[in-house]
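Working notes, structure below.
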Amino acid sequence: MLIPANVSALTDQLIATVANIYLNAPRFKFLKRRAEDILKANAHGRTDQFAVAHQLEGLQEKFQVLNRDELADALRIRLTELNEHRGSCFPEILSLLLQLADRPAQLSTVERIGSSRPQEHVKPLTWTDLDVSGSAFCEDDIWENVDYGADSSDDLSSVSSDSDPAPIPQTPIVIEENYVVPDELFSSGEDEELVTSIKAARFWRDENNIQNHGISTRTLTELQIVRETIFMLQGLPTSVFQRLEQRIGVDRRYKIEHLSNETLFSLLQSFSAIGSRIDILRRYTQIPRVIPYIQTFHRGIEDRLASFDRYLSTEHAKFLSQAESVSVSLLQLYEDVSRESKLLLLLAEITSNLGKTSDNPVRCLDLLYDSICMTQATGDDNEFKFLSQLFFSCFETYARPIRRWMERGELENSHQGAIFVRDDRSNKTDLRTLWHDWYSLDESSWLSNAPKFIQPIAQKIFVTGKSMVFLRHLNVSEVQEHTHQTTLTFEDVFPEDSAALCLPFSSLLDSAFGRIVHENHAFASALLRKELDQQCGLWISLQALEHIYLAKDMSVSAAIDHKIFDLLDRNRAWNDRFLLTEVAQTAFATLPFIDVSRVIVRSHKDPSTPQTTPKSIKILQAISFDYILPWPVANIITKPSLKAYQRISTFLMQIRRAKYTIVKQRLHSYPAQAYALRHTLLWFLNTLYSHITDYIISTTSLSLRKSLQTALDVDAMIAAHKTYISSLQDQCLLSPTLLPLHESLISLLDLCIAFADLQSMRASQDSRPEYGRDKFESDDSDSDDDAVPVHGTLHDTQYLQRLRDIRNQFNQIVAFMVAGLKGIGRVNGQLSWEILAEKLEWRRDRG
């Protein structure tokens, strides 16, 4: 389809204006070609002008239906004017305007589009205009009542459309201006005595009062004072009592003839004191509450106020009955009101104290708890029972989030003042940290989020909920069958026909609620321990850790040691993590309880020993074994514990490395000093290693298993394993506080390496005397003066001197260790330290 010339010219102008380019620019042709393609692709026929007209008519009808006649008139006038200047493009323009319209019936106003027609003053229609002579309807009884039933008929079609219309009245009704209705019309004159008695009863009017010395006094009957008192207690405005901010005052101008003013004033003051306390409750109930259990407390106060108001209404009705048996007595009313309002006064005291500590949402439960204990101690059984029932109603609402947490391990989105557990998950999805990092006990707001009677068992509640979360992630079906009691009512604590009322409320509540928490805690903990033992492989994982890190089976560990030590002696790539991982997996594959796919050997450079040489025992710190635990077990055996396992494993490997280097050397025709020193070093290494494995690790592991079997929950299991690994570190001298003793042990192990190197160099000289210039290196900083040169021959004198130096250093370090072990043993009481000290001292004395 060809583009018309006029459209093409308009397109050129549009492109030049929008793109801001010249007509002969290179980009102009490209844009014009795209525009023409779009015009050709979107070519459509003309707009249906009849459809547009139909839409406009419908819009006018819509305006009229919505009672917007002014818009309908304005639209009609403009369409009429538009028809006088009809054009070919008008249907398209009107269709575009209709599509662009946005709720014209709601958003359009005549003021915005101008007045559609001139405003005409409309003269109001009067009866005179309708009937100038005033003779119409003058003879018809148009103001009489109409009998609609006289001519009624079930057939509505019987009404003739051409019946005679009613005549129009000819005389207008004239209304007298400024007409005042006389007072006589409001009273028949027959009840004047009643009106007079009502006016006389208005005793607060000045004309009914007697002036004494310029002071208006009001003498009332005792019945009137009683009624005023009842009104005041109901919270209604009175004349005898006046409400002044937070208290109620007594107007002393009122008196009773047969009662002295001082006595009356004292009695009314007693009533006002009660009314002031009750007004505290009425004001408290007028404030909306947000915290759920406070709403329950609010409703309990309202119910008690309603009961008190019913009592007052009953008393009022009794006084108004004017029965001969009813005596009006203000003193009797005071005794009755004091008895009936006793509970309200207790509640008023609670709300008063609650208002002073509005920042503590659980203060209400604590105050109720204290009031119950007080009323029980004073023997007020009725008040005690009411307050106890109110307390348990509030506690039931308060404990709803706690029940949800203990039953299903879920926290509600909004629990103001309800629970003391903080959700720390945010974006945490690592199940290995579920127990430690997902939830925490909110100790920062402990006092504000836990009532005093819950704080002793809050930790158990917290652990119960975490156990349920753990079980849900394990998909344990028994969680859905949880049927233990989680609610607590008055009847649960004080069953009928029992002697429980004689026991203290605090003890009974602690026992009842503690029993509920204990049952839920025992259920969740026992189920979780069962899953950890049988399904998650806790014991199998502990067994695997003992073999991987603590070298429980030397037949397996020896294969790994020999490969590492051999590569190290040959100065090959001994710390290749891929090679070592393969060696470790091959060695541990013989043990069925170890998943070798979880065994990884990592190689890293220890930043604490940047200058470690291959001849130092510290070089073994560059590798570490890692065993990836299942996520449930990883919550029990945490990352810090695995780090401790790795440190112990490295220390044991260092001892084995020192022994390996000495045993590897074979002594044939050497002096006795070399044989003695070799025997002493081997004895030291064997004594140290057997002490760690046969005594420390064996006894401590046995104690761990007993502790895990008797643990009540996961927290106890974690604490038992933490104690176990901490004890291992301490007894192996790996804790930071025992660093000097550990460094002494490392020095002794380095002496063993130095002795083995000395023997290796001596053997090399003896076997190849023509090449007696083997390299000799010593890492002992205390004997640098006696060090043998790198290129030189090790003479017998130098060899013997070196043996003496090694032996002297060994004795000095052993003496230091013995003294240190005895000292810390006496302070901290570790028996293993004293045993090791005695073993080392025994050999030193006989060395």
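The values are calculated or read from the model by the stated rules, or taken from the named source; none is laboratory data. Everything numeric here is computed off the predicted structure, so don't read it as measured data. Cβ coordinates were reconstructed from backbone atoms using ideal geometry, including for glycine residues, and neighbour counts include every protein chain displayed.
So which of 692, 636 ends up being more than 20 Å from residue 539 (Cα to Cα) and under 60 Å from the mean Cα position of the chain (by Cα)?
692
Could you pull out the residue among 564, 619 that is on the phi < 0 side of the Ramachandran plot, crowded, with 20+ Cβ neighbours inside 10 Å and of a type in the set (Val, Ile, Thr)?
Going through 564, 619 in turn, just one is on the phi < 0 side of the Ramachandran plot, crowded, with 20+ Cβ neighbours inside 10 Å and of a type in the set (Val, Ile, Thr): 564.
Pick from 505, 513: which is crowded, with 17+ Cβ neighbours inside 10 Å, over 27 Å from residue 717 (Cβ atoms) and at pLDDT 75 or above?
Just a single option satisfies the conditions, and that option is 505.
With respect to residue 747, is the statement that it is within 30 Å of residue 675 (Cα to Cα) and at pLDDT 90 or above true?
Considered against the rule, which asks whether it is within 30 Å of residue 675 (Cα to Cα) and at pLDDT 90 or above, residue 747 comes out as yes.
Mind checking which residues of the range 663-691 are touching a Phe, Trp or Tyr at 6+ places or on another chain (Cβ under 8 Å), of a type in the set (A, V, I, L, M) and crowded, with 18+ Cβ neighbours inside 10 Å?
677, 681 - these are the residues of the range 663-691 that are touching a Phe, Trp or Tyr at 6+ places or on another chain (Cβ under 8 Å), of a type in the set (A, V, I, L, M) and crowded, with 18+ Cβ neighbours inside 10 Å.
Can you tell me how many residues within the range 473-494 are surrounded by 10 or more Cβ atoms within 10 Å (Cβ to Cβ), modelled with pLDDT of 65 or more and part of a loop (DSSP other than H, G, I, E, B)?
6
Only one of these is over 30 Å from residue 530 (Cβ atoms), of a type in the set (A, V, I, L, M, F, W, C), assigned to a helix (DSSP H, G or I) and in the same structural domain as residue 570 (by TED's automatic domain parsing): 642, 728, 682. Name it.
Exactly one residue qualifies, and that residue is 682.
Which of (1) surrounded by fewer than 18 Cβ atoms within 10 Å (Cβ to Cβ); (2) modelled with pLDDT of 90 or more is the odd one out, the single condition residue 320 does not satisfy?
So the condition that residue 320 fails would be (2).
When you go through (1) assigned to a helix (DSSP H, G or I); (2) at pLDDT 70 or above; (3) surrounded by fewer than 13 Cβ atoms within 10 Å (Cβ to Cβ) one by one for residue 426, which number turns out not to apply?
(1)
Give the residue, chosen from 675, 670, that is assigned to a loop (DSSP other than H, G, I, E, B), farther than 21 Å from residue 732 by Cα and not acidic (Asp, Glu).
670
Sort out which residues of the range 44-74 are assigned to a helix (DSSP H, G or I) and more than 60 Å from the chain's Cα centre (by Cα), and write them in order of number.
49, 50, 51, 52, 53, 54, 57, 73, 74
Do the conditions hold for residue 745, that is, is it surrounded by 18 or more Cβ atoms within 10 Å (Cβ to Cβ) and farther than 30 Å from residue 465 by Cβ?
yes
Residues checked against (1) in the same structural domain as residue 432 (by TED's automatic domain parsing); (2) crowded, with 20+ Cβ neighbours inside 10 Å; (3) polar (S, T, N, Q); (4) closer than 15 Å to residue 828 by Cβ:
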| position | (1), (2), (3), (4) |
| --- | --- |
| 705 | no, no, no, no |
| 712 | no, no, no, no |
| 735 | no, no, yes, yes |
| 738 | no, yes, no, yes |
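So in the range 398-412, with the set limited to residues that are in a loop (DSSP other than H, G, I, E, B) and charged (D, E, K, R), which one is modelled with the lowest pLDDT?
This residue is 412.
Out of 623, 636, I need the residue that is at pLDDT 90 or above and closer than 20 Å to residue 753 by Cα. Which one?
Testing whether each residue is at pLDDT 90 or above and closer than 20 Å to residue 753 by Cα leaves just 623.
Go through (1) more than 30 Å from residue 393 (Cα to Cα); (2) at pLDDT below 90 one by one and return the number of the condition residue 270 breaks.
Residue 270 satisfies all of (1) more than 30 Å from residue 393 (Cα to Cα); (2) at pLDDT below 90 except (2).
List the helices (runs of 4 or more DSSP H) that sit entirely inside the range 519-631 and contain at least 1 residues that are charged (D, E, K, R), in contact with a strand residue (DSSP E or B) (Cβ under 6 Å, 6 or more places away or on another chain) and touching a residue at least 40 places away in the same chain (Cβ under 8 Å).
Per the criteria, 577-588.
Of all residues in the range 253-303, which are aromatic (Phe, Trp, Tyr) and buried (at least 18 other Cβ atoms within 10 Å of the Cβ)?
254, 271, 284, 293, 297
Residue 35 fails exactly one of the following numbered conditions: (1) assigned to a loop (DSSP other than H, G, I, E, B); (2) touching a helix residue (DSSP H, G or I) at 6+ places or on another chain (Cβ under 9 Å); (3) not charged (D, E, K, R). What is the number of that condition?
Result: residue 35 fails condition (1) only.
Of all residues in the range 228-257, count the ones that are of a type outside the set (A, V, I, L, M), without any contact (Cβ under 8 Å) to a residue 12 or more places away in the chain and in a loop (DSSP other than H, G, I, E, B).
So the answer is 3.
Cβ contacts < 7 Å: first residue outside any helix (DSSP H, G or I), restricted to the range 345-358; second residue modelled with pLDDT under 85 and basic (Lys, Arg), any location; separation 6+ or different chain. Result?
357/363
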